[in-house]
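Written below as structure tokens is the structure these notes are about.
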Amino acid sequence: MVSRVIPVDDFDLVIFGGTGDLARRKILPGLYLRALAGQVPPDARVIGAARAENTDEEFRALVAEAIEEFVPAARRDPEAIAAFLSRLSYVAIDATGDSGWPRLKALMRPDVVQAFYFSVAPSLFGALAERLNTQNIAGPQARIVVEKPFGRDLASARALNATLAAHFDESQIYRIDHYLGKETVQNLMAVRFANILFEPLWKSEYVDHVQITVAETVGVAGRGAYYDKSGAMRDMVQNHMMQLLCLIAMEPPYHFDPNAVRDEKLKVIRALDPVPAQDIVRGQYLAGGGEGSYLADVENPASTTESYIALKVAISNWRWKGTPFYLRTGKRLRARESEIAITFREPPHSIFDDASGWKENVLVIRLQPDEGMNMKVMIKDPGPGGMRLVQVPLDMSYAEALGDAHDDAPDAYERLIMDVIRGNQTLFMRGDEVEAAWAWTDPIIEGWETRGDRPQPYDPGTSGPEDALMLMHRDGRRWREIKS
Ligand code: NAP
């Protein structure tokens, strides 16, 4: 296969929290894979920073272990690993203290791209941003990368934005939503805006409804304390699912340009209606408690946090008025599956009789597993017996269609880190976008808190609580099956 890797400019990347879980699982293996692919310039360096007193050698050993654990064997090349490790150094720094910074400054080159990845708790973002400036470390090409969660409500997101804005310009701030780095999520834009086929039908006149599903089989054991403070609405809907909804619903941007794309997403978020109580279903797996239950996993017998949520969302604009978007996401469901299904309306007049077996056209965009697209169309049922119709799939698996190019595509973190180095913010959330998403989310959460609603129970391995089925049944619609 011809390599399509485009090298990026020379850079120094500092990972605050360089010894933490995210750095070990995603950031450092991702950087190694980009280096393996030949995308990282020869002099580029990666500097880990955290409080523990590690030497460079100890940090390299930690990264070597992370590569061993999180990079597939077929891509672990001893020479490339050794070369990657030689790029690494480590500085002991407490984000809230003053030692270590002069050593970091001495390591940084002022004339290359400087990226500072804040892979630490959000409560440390302000201290880090401030010190990068007061210690004169951040040069003109500096940019910072911040991880989710970006606030837990509008007030905290605003405060976080203000803190970062005190030290960095918006054009230097990269708020990561790793969903936006997924190949298939970006494909949503390609499918919509590189094909004339769909666009004329992409409106309420022709689209009956849209379903967005992000189903997981895992529970929250092991990260229960974190998850219980958040829940499915904050953890999934406010950020990842909101981004999917925006990419489906937004107007074509005038250009594939960071601000043009983000302007259009922002307009969608601002057009979202408030969601009334009857259009929300929250669930908790085995809500009664006991072994394997959500309550046991979070070690909080009184928790009313949801591990599942389904919502009916309305967008008040010309394109989408009258087309509901049904969103659902949950833990410990029947299968791990993310997809967007666009169900089209009936033809205005059928020339076939009622018994013909007509069904709606559905366009399904699968994000995981087996990324691809599937269009359900009607054809004639073969054979005698008059004009009977049958629904058949026009199925395209990206893996089958694209072969190696698909298999070798960088994962979300790899792509997003390289975008930071390139200075391309298209796939990162802008401050106003995050605030608008919280402005829509806050009243929904406040609503159930004020009412004292408790989540509905559901059994692990199912598709969620019964009431979620009713959310669609009462509109004469059905969720697509979550297949095991
Ligand atoms: P973690 O495993 O607890 O690691 C935290 C890192 O920060 C460690 O390297 C720790 O090292 C360092 N640290 C803690 N306090 C510090 C301080 N005062 N000054 C400097 N460094 C400090 O956390 P994580 O899971 O990697 O998560 C990091 C961030 O990413 C969090 O904001 C999290 O919400 C977000 N995130 C994580 C994941 C994930 O899959 N893990 C996914 C999405 C988002 P020392 O203790 O030696 O200082």
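Find the percent of Cα-Cα distances in the range 62-196 that exceed 23 Å, and round it to a whole number.
Details: 4695 of 9045 pairs.
Everything past 23 Å amounts to 52 percent.
Convex hull over the alpha-carbon atoms of the range 9-111: what's its volume per residue in Å³? Display every interim value, and only then the final one.
Values: hull volume 9.6 nm³, N = 103.
In the range 9-111, the Cα convex hull volume per residue is 93 Å³.
Just want to confirm a number: the relative contact order over the range 1-106, from Cα pairs under 8 angstrom separated by 6+ residues, in percent.
Relative CO of the range 1-106 lands at 31 percent.
When ligands, DNA and RNA are left out and all protein chains stay put, how many square angstrom of accessible area per residue does the chain have with a 1.4 Å probe?
44 Å²
Just check the range 316-369 against the gyration tensor rule for me: Cα atoms, a ≥ b ≥ c as the square roots of the eigenvalues, rounded for a/c under 1.5, and otherwise prolate or oblate depending on whether a/b exceeds b/c.
Values: a/c = 2.95, a/b = 1.54, b/c = 1.92.
Since a/c reaches 1.5 but b/c is at least a/b, the shape of the range 316-369 is classed as oblate.
Under a cut-off of 15 Å between alpha-carbon atoms, report the aspartates and glutamates in cross-link reach of LYS26, not counting same-chain residues fewer than 8 places apart.
GLU65, GLU68, GLU69, GLU147, ASP177, ASP411, GLU414
Please work out how much length the chain gains when fully extended from ASN300 to ASP442, using 0.36 nm per residue of separation minus the C-alpha to C-alpha distance, in nm with one decimal.
48.8 nm
Extent of the range 157-200 along each principal axis, from alpha carbon coordinates, in Å, largest to smallest?
Principal axes ranked by extent give 46, 20, 17 Å for the Cα atoms.
Rank these residues by their accessible area, most exposed first, probe 1.4 Å: ARG4, ARG103, ARG175.
Greatest to least solvent exposure: ARG4, ARG103, ARG175.
How large, in percent, is the carbon and sulfur part of the accessible surface of the chain at a probe radius of 1.4 Å?
53 percent
Please calculate the 1.4 Å probe accessible area of PHE84, with all protein chains present, and give it to the nearest 10 Å².
Its heavy atoms expose roughly 10 Å² to the probe.
Give me the one-decimal nm value for the distance between modelled label points at LYS267 and PHE193, 7 Å along each residue's Cα-to-Cβ direction.
A separation of 1.2 nm, rounded to one decimal place.
Can you check how the C-alpha radius of gyration of the range 305-463 compares to 2.2 N^0.38 Å, as a plain ratio?
My calculation over the Cα atoms of the range 305-463 gives 1.41.
Would you compute, from DSSP H runs of 4+ residues alone, the mean residue ellipticity of the chain at 222 nm, taking -39500 (n - 2.57) per run and dividing by the full residue count, rounded to the nearest 500?
It lands at -9000 deg cm²/dmol.
Using only the alpha-carbon atoms of the chain as identical scatterers, what base-10 log of I(q)/I(0) does the Debye formula give at q = 0.06, 0.11, 0.13 Å⁻¹?
At q = 0.06, 0.11, 0.13 Å⁻¹ the computed log10 ratios are -0.30, -1.00, -1.34.
Spelling out what I want: for every residue of the range 285-296, take phi, set θ = phi - 60°, compute 6.51 cos²θ - 1.76 cosθ + 1.60 (Karplus), and round to whole Hz; glycine and proline get x.
Each residue of the range 285-296 in turn: 5, 6, 4, x, x, x, 4, x, 7, 4, 4, 5 Hz.
For the range 34-151, with the dipole built from +1 on Lys and Arg beta-carbon atoms and -1 on Asp and Glu ones, taken about the Cα centre, which of ALA82, LEU132, VAL71 lies farthest toward the positive end?
Checking the options against the dipole of the range 34-151, the answer is LEU132.
With bins 5 Å wide starting at 0, give me the P(r) of the range 174-263 over every alpha carbon pair, in whole percents.
The percentages, shortest bin first, are 2, 10, 18, 23, 17, 12, 8, 6, 3, 0.
On average over all directions, what projected area in square nanometres does the range 127-192 have, based on the convex hull of its Cα atoms?
So the Cα hull casts an average projection of 5.9 nm².
Taking just the alpha carbons, could you work out the radius of gyration and Dmax for the range 391-470, both in angstroms?
Both quantities, over Cα of the range 391-470: 20.7, 52 Å.
Would you mind listing how long the range 224-311 runs along its three principal axes, going by Cα atoms, in whole Å with the largest first?
54, 27, 15
For the range 261-394, what does the convex hull of the Cα positions come to per residue, in cubic angstrom? The partial results should precede the final answer.
Values: hull volume 28.5 nm³, N = 134.
About 212 Å³ per residue, rounded to a whole number.
Take every DSSP beta bridge with both residues inside the chain and express the antiparallel ones as a percent of the total, to the nearest 5.
55 percent
Apply the Karplus curve 6.51 cos²θ - 1.76 cosθ + 1.60, θ = phi - 60°, to the phi angles in the range 357-363 and return the couplings in whole Hz, x for Gly and Pro.
For the range 357-363, the Karplus-derived couplings read x, 5, 9, 5, 6, 10, 9 Hz, x marking Gly and Pro.
Percent of Cα-Cα pairs more than 17 Å apart in the range 423-484, please.
Roughly 66 percent, rounded to a whole number.
Using a 1.4 angstrom probe on the protein heavy atoms only, could you order TYR254, TYR458 from most to least accessible area? Write out the running numbers ahead of the final one.
Working: TYR254 185, TYR458 5 Å².
Per-residue accessible area, sorted high to low, gives TYR254, TYR458.
Using a 1.4 Å probe and ignoring any ligands, DNA or RNA, find the accessible area of PHE150 and quote it in Å² to the nearest 10.
For PHE150, the solvent-accessible surface is approximately 20 Å².
How long is the gain from ARG477 to PHE352 if the chain were fully straight, where each residue apart is worth 0.36 nm and the alpha carbon distance is subtracted?
Contour length minus the Cα-Cα distance gives 42.8 nm.
Quote the relative contact order of the range 77-201 in percent (integer), defining contacts as alpha-carbon pairs under 8 Å separated by 6+ residues. Intermediate results must be reported in sequence, preceding the final value.
Working: 104 pairs, mean separation 24.8, N = 125.
Relative contact order for the range 77-201 comes out at 20 percent.
Give the distance, in whole Å, between the Cα centre of the range 29-62 and the Cα centre of the range 360-411.
Using only Cα atoms to place each centre, the spacing works out to 41 Å.
Enter the accessible area of ASP94 (Å², nearest 10), with the probe set to 1.4 Å and all protein chains included.
Estimated to the nearest 10 Å², ASP94 gives 60 Å².
What percent do you get for the relative contact order of the range 322-438 when only Cα pairs under 8 Å and 6+ apart count?
Answer for the range 322-438 is 17 percent.
May I ask which of LYS229/LYS267; LYS331/LYS359; LYS267/LYS312; LYS312/LYS359; LYS182/LYS376; LYS148/LYS265 have a Cα-Cα span longer than 27 Å here?
As for pairs spanning more than 27 Å Cα to Cα, those are LYS229/LYS267; LYS331/LYS359.
Using each residue's phi in the range 384-393, evaluate 6.51 cos²θ - 1.76 cosθ + 1.60 at θ = phi - 60° and report the 3J(HN,Hα) Karplus result to the nearest Hz, with x for Gly and Pro.
Result, rounded to whole Hz: x, x, x, 8, 9, 9, 9, 8, 10, x.
The values are calculated or read from the model by the stated rules, or taken from the named source; none is laboratory data. Everything quoted here is computed from the prediction, not taken from an experiment. Here Cβ is always computed from backbone atoms with ideal geometry, including for glycine, and neighbour counts include all displayed protein chains. Ligands, DNA and RNA are stripped out before the accessible areas are found, and what is left, the full protein with its side chains, is counted by its heavy atoms. Shrake-Rupley method; radii C 1.70, N 1.55, O 1.52, S 1.80 Å.
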